[in-house]
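Okay, structure first, notes after.
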Amino acid sequence: MSLFPQHPTMRPLPYRKPTEGRDYWVVDDVLPNPDEVRQRCLARTDWEYGYPHTGEVWPGMRATPALHEDELAALDARVCRLTGAKKVWVEQAGAGARLNHNCVQVVGSTEGAVKPHTDSLNLCRYAAVLYLNPDVPDQCGTSFYRQRHANGQLGGNMVMPPHRNLVDALGNRFVAPNAFAEDVRVPHRCNRLLLYKANIIHSASAYWGLDGMASKRMTAVFFWMA
């Protein structure tokens, strides 16, 4: 009998190397007023708290909305131009679910961990992260991942129909701690927008900051149907 916990075998996923301009898009200096947006977020008092402050599984703190309506409309138009979509919209989550579109998240280095995942295909086709702290280092951007099987062989990185999320596609919720390998990393840069297809396995590369809210990794996240 093994003394170590056994994890179920993952179903193999399809693989396509994440390619800029096809699977993800990077836009620097995307906002004309990033300092104003950041200061507006820092001044908020309506935060919800996640791990480790409460029993929630999501990390740090968050609040909605991050951008004003005119700022968001300009971002929607940019997403359409980048992806070629005629229209993008925010899907309505089902009963008991919540879609944190246009949400600012603040997560310190001890509050969050790398958690490869995909976003629900029922709720979005594209997702994006906007970095809002000029003092966070490059290594705290966003990474795309692929499977690493028990024999060390690298596998796929995408959830495809009929599956709607990573748990469905893998066939189980619990996988080994080393079940995913980093494939592509997009560095953190303040006022950079990273837009990507929501069915690709991804995660924050790392979190940052210990000395108060202003030191921590601040991002705004978005989820669109198209």
* Structure fact -> Sparse-neighbourhood loop hits (GluC sites (Glu not before Pro), the stretch 91-195; DSSP loop; Cβ within 10 Å at most 16 others) -> 91
* For residue 122 and residue 42, what is the calculated FRET efficiency with R₀ set at 35 Å and r taken between the beta-carbons, to the nearest 0.05? -> 0.55
* In the chain, how many lysine pairs have Cα atoms under 19 Å apart, counting only pairs 8 or more places apart or on different chains? -> 5
* **Under the Debye formula (equal points on every Cα, no solvent term), log10 I(q)/I(0) of the chain at q = 0.09, 0.12, 0.13, 0.15 Å⁻¹** => -0.37, -0.67, -0.78, -1.05
* What nm value, rounded to one decimal, do you get for the distance between residue 181 and residue 151 when each label is placed 7 Å out toward the C-beta? -> 1.4 nm
* Cα axis of helix 69-83 to longest principal axis of the chain: angle in degrees, 0 to 90, nearest 10? -> 50 degrees
* Structure fact -> Between residue 51 and residues 5 or more places away or on another chain, the pairs with built amide H atoms under 5 Å apart involve 56, 58, 60
* To do: Using only alpha carbon pairs under 8 Å that are at least six residues apart, calculate the relative contact order of the chain and give it in whole percent.
  => 34 percent
* Structure fact -> the stretch 134-201 and the stretch 38-117 have their Cα centres apart by a whole-number Å value of 18 Å
* Can you list which of the trypsin sites (Lys or Arg not before Pro) found in the stretch 11-41 are DSSP loop residues with at most 12 other C-beta atoms within 10 Å? => 22
* To do: Would you work out which of 167, 74, 220 lies farthest towards the positive end of the dipole of the chain, given +1 charges on the beta-carbon of Lys and Arg and -1 on that of Asp and Glu, about the Cα centre?
  => 167
* Structure fact -> Helix-only [θ] at 222 nm, the chain, -39500 (n - 2.57) per DSSP H run of 4+, per residue, nearest 500, equals -3500 deg cm²/dmol
* To do: Can you figure out the FRET efficiency of residue 56 with residue 189, using R₀ = 35 Å and their beta-carbon distance, to the nearest 0.05?
  => 0.80
* Starting from the Cα-Cα distance between residue 15 and residue 160, subtract it from 0.36 nm times their residue separation and give me the gain in nm to one decimal. => 51.2 nm
* the stretch 1-80: GluC sites (Glu not before Pro) in DSSP loop, at most 10 other beta carbons within 10 Å -> none
* Asked: What relative contact order, as a whole-number percentage, does the stretch 51-157 give when Cα pairs under 8 Å and 6 or more residues apart are counted?
  -> 27 percent
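A short reminder: the numbers here are calculations on the coordinates, not readings from a lab. It should be emphasised that the depicted structure is a prediction, and the values quoted were computed from it without experimental measurement. Counting neighbours? That spans all protein chains shown, and the Cβs are built from the backbone with ideal geometry, glycine included.
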